[in-house]
Amino acid sequence: MTAARVNETVTLRGRVHNVRGKGKSAFLILRQQTATCVFFVDDVDVSKGMVKWVSKLEAESVIDISGVVAVPSEGPVVSCTQKEVELVVHSVYCVSRSIDDASRPESDFDKEDGAQYVRVLQDTRLNYRVIDLRTPANQAIFRVQSAVCELFREALRRKDFVEIHTPKLIGGASEGGASVFKLDYMGQPACLAQSPQLYKQMAIEADMDRVFEIGPVFRAENSNTHRHLCEFTGLDMEMTIKEHYSEVLDVLNDLFLHMFDGLNERFKHELEVVNAQHPFEPLKYLNPTLRLTFPEGIKMLQDHGVEGVDPLGDLSTEQERVLGQLVKEKYDTDFYILHKYPLNARPFYTMPCPHDGDYTNSFDIFIRGEEIISGAQRIHDVELLSKRAVECGIEIETIQAYIDAFKYGALPHGGCGVGLERVVMLFLNLGNIRKTSMFPRDPRRLAP
Ligand code: 4AD
């Protein structure tokens, strides 16, 4: 509200964040998403009964406050304490009362000064997620999440990518058999898609040229960690390549710089709100993004004295973390690409290095030492693809339609999958993926 609106009658709708009655007056804090506004109510402008009634409003109730915008006066009135104007209130109307629910652990949701809920156990927060999501920090986190999707879309559309939607009910595993949610599909065995992998590749062979998808991904992994969910949102892209899989890395470089710049420039307020409750160091990133090969990464770990590193295996979570620290010390960046992974560490559809069969044309990308992306050039030769599937223990008949897609002239291509919740968790350095999933699904949680 500004001085231009003086004498206008306005109505504000919000939640009672807090109310404190003191005999003839009351302080009421109204909350709208991430903003709060303090009202001082006394019996000069409203009846004594109204002051008493306002004092007893339950926190979280939805109310309408109507009044006239006025220039600030000296004396205490019913006022909205803004810098330029105040609101002389005519009425307070309760739209919906918050019920005093005895089963809700009221004390756990105690508020401290200002606008935050604090000191609440994560499980309690998740059990009462709707209330938890009302906090300013959570409001900001999910605006950042929405922005990540928007910036992902924006950057790829500018490069002529087409948004697609692939089926989530599918006949076989796309990323390996162990971590699949199985189900009955009209009498046929089926599963929930572990990724859009096979279908986005089929879209490329249907001459879509450059595609992306934002959609749910299901993993039946019994991983109770800070970074695994059983359902998450995948940001996937796939594109034809002419010469080399570095073309995919070039697109990802532009995409992520666009995303990080966009968040820092267009979502400053949200970042500040999150920072107020969960302080974090801003993400450091280079332009162009640092690219290291897997053998270079291994050497950095070995030179640092890390034991048990397998040059032809995968990195453990701990080794990834240590490498992230070493990269930060040496190159001053929290965001980097590690490419040319060993064959043993990658899924069957990954293209082996043409000159070195122990390795693949593949990559992972890290934020603050944790993986957010995995991608690669894919095998488009139908013989090699079938051979690799069998070697990796896949039952060919469950993916026959996929294999067939490469029989009728196949385009070289590559792409990647990004975990949305991980990007937001690591950009904001929140430490737990459950904070960036609105209603998280982990091995122990199916509700709310
Ligand atoms: O590494 P993943 O499993 O790779 C794929 O799904 C491939 N089809 C991608 C490709 O195009 N080659 O998953 C990709 C990303 C990971 O880097 C991680 O960010 C996220 O998805 N992710 C998870 N996020 C939350 N919970 C889980 N259980 C995740 N598993 C993977």
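The values are calculated or read from the model by the stated rules, or taken from the named source; none is laboratory data. Nothing here was measured: the structure is a model prediction, and the numbers come from that model. Glycine gets a Cβ as well: all are built from the backbone with ideal geometry, and neighbour counts include every protein chain shown. Just the protein is used for accessible areas: all its heavy atoms, side chains included, with ligands, DNA and RNA removed. Shrake-Rupley method; radii C 1.70, N 1.55, O 1.52, S 1.80 Å.
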Which whole-percent values make up P(r) of the range 364-448 when all C-alpha to C-alpha distances are grouped in 5 Å steps starting at zero? 3, 12, 15, 13, 13, 11, 14, 13, 6, 1
Debye log10 I(q)/I(0) at q = 0.13 Å⁻¹ for the chain, Cα point scatterers: -1.14
Too long for a 19 Å Cα-Cα cut-off, among LYS268/LYS330; LYS299/LYS330; LYS200/LYS407; LYS24/LYS52; LYS24/LYS56; LYS159/LYS200, are LYS268/LYS330
Distance in nm between label sites at CYS392 and TYR408, each 7 Å beyond Cα in the beta-carbon direction? 2.5 nm
For the range 203-273, what does the alpha-carbon gyration tensor say about shape, rounded, prolate or oblate, given a ≥ b ≥ c as the root eigenvalues, a/c under 1.5 as rounded, and a/b over b/c as prolate? oblate
For the range 364-379, Karplus-derived ³J(HN,Hα) couplings (6.51, -1.76, 1.60; θ = phi - 60°; whole Hz; x for glycine and proline) come out as 10, 10, 10, 10, 6, x, 10, 5, 10, 9, 9, x, 5, 6, 9, 6
Would you calculate the separation in nanometres between label points at GLU296 and THR9, each defined as 7 Å from the Cα along the Cα-to-beta-carbon direction? 6.9 nm
Distance in nm between label sites at ASP310 and HIS244, each 7 Å beyond Cα in the beta-carbon direction? 3.0 nm
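If you stretched the chain out fully between ALA35 and ASP101, how much longer would it get, using 0.36 nm times the residue separation minus the C-alpha to C-alpha distance? Please list the in-between numbers first.
On the way: separation 66, 0.36 × 66 = 23.76 nm, distance 2.58 nm.
Between ALA35 and ASP101, full extension yields 21.2 nm more.
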Taking a probe of 1.4 angstrom, what is the accessible area of VAL71 in Å², to the nearest 10? 90 Å²
For the chain, find the longest principal axis of its Cα atoms and tell me its angle to the long axis of helix 317-331, 0 to 90°, nearest 10. 80 degrees
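Counting each DSSP H run of 4 or more residues in the chain as -39500 (n - 2.57), what helix-only mean residue ellipticity at 222 nm follows after dividing by all residues, to the nearest 500 deg cm²/dmol? Could the numbers behind the result be given before it?
Values: 12 runs with 127 residues, N = 448.
Here the helix-only value at 222 nm equals -8500 deg cm²/dmol.
How big is D, in µm² s⁻¹, for the range 3-96 by Stokes-Einstein at 4 °C and 1.567 mPa s if Rh is the Kirkwood radius over C-alpha pairs? If you can, show how the numbers build up before the last one.
Working: Rh = 13.0 Å.
Here the translational diffusion coefficient equals 100 µm²/s.
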Accessible area (Å², 1.4 Å probe, nearest 10) - MET438: 90 Å²
Measure out, as a whole number of angstrom, how far apart the alpha-carbon centroids of the range 405-438 and the range 276-349 sit. 17 Å
Once phi for every residue in the range 384-396 is put through the Karplus expression 6.51 cos²θ - 1.76 cosθ + 1.60 (θ = phi - 60°), the whole-Hz ³J(HN,Hα) values, with Gly and Pro written as x, are 4, 4, 5, 4, 5, 4, 5, 4, 8, x, 8, 7, 4
State the extension gain, in nm to one decimal, for the chain segment bounded by LEU384 and ASP184, taking 0.36 nm per residue of separation less the distance between their alpha-carbons. 68.8 nm
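Using a Förster distance of 45 Å, how high is the FRET efficiency between ALA447 and GLN400, based on the Cβ-Cβ distance and rounded to 0.05?
Values: r = 37 Å, r/R0 = 0.83.
Once the sixth-power term is evaluated, E becomes 0.75.
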Overall form of the range 117-210 per C-alpha gyration tensor (a/c, 1.5; a/b vs b/c): oblate
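What does the C-alpha gyration tensor say about the overall shape of the range 131-287? Classify as rounded when a/c is under 1.5, otherwise prolate if a/b is larger than b/c, or oblate.
On the way: a/c = 2.29, a/b = 1.26, b/c = 1.81.
Oblate, since a/c reaches 1.5 and b/c is not below a/b.
Which whole-number value in Å² is the accessible area per residue of the chain, probe 1.4 Å?
Working: 21290 Å² over 448 residues.
Each residue of the chain exposes 48 Å² on average to a 1.4 Å probe.
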Among the range 216-245, those whose backbone N falls under 17 Å of a label point 7 Å along Cα→Cβ from HIS165 are 216-217, 233-236
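Run the accessible area of the range 136-436 with a 1.4 Å probe and give the carbon-and-sulfur part as a rounded percent.
Numbers: 6510 of 13040 Å².
The computed percentage sits at 50.
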Please give the FRET efficiency for SER66 paired with MET438, using the beta carbon to beta carbon distance and R0 = 25 Å, rounded to the nearest 0.05. 0.15
Can you give the accessible area of TYR199, probe radius 1.4 Å, in Å² rounded to 10? 90 Å²
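Counting only C-alpha contacts under 8 Å and six or more residues apart, can you give the relative contact order of the chain as a whole percent? Could you put the intermediate results ahead of the total?
On the way: 849 pairs, mean separation 60.0, N = 448.
Relative contact order of the chain: 13 percent.
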Could you identify which residue out of GLY357, GLY414, GLY234 has the top mean-square fluctuation in a GNM of the chain using Cα springs shorter than 10 Å? GLY357
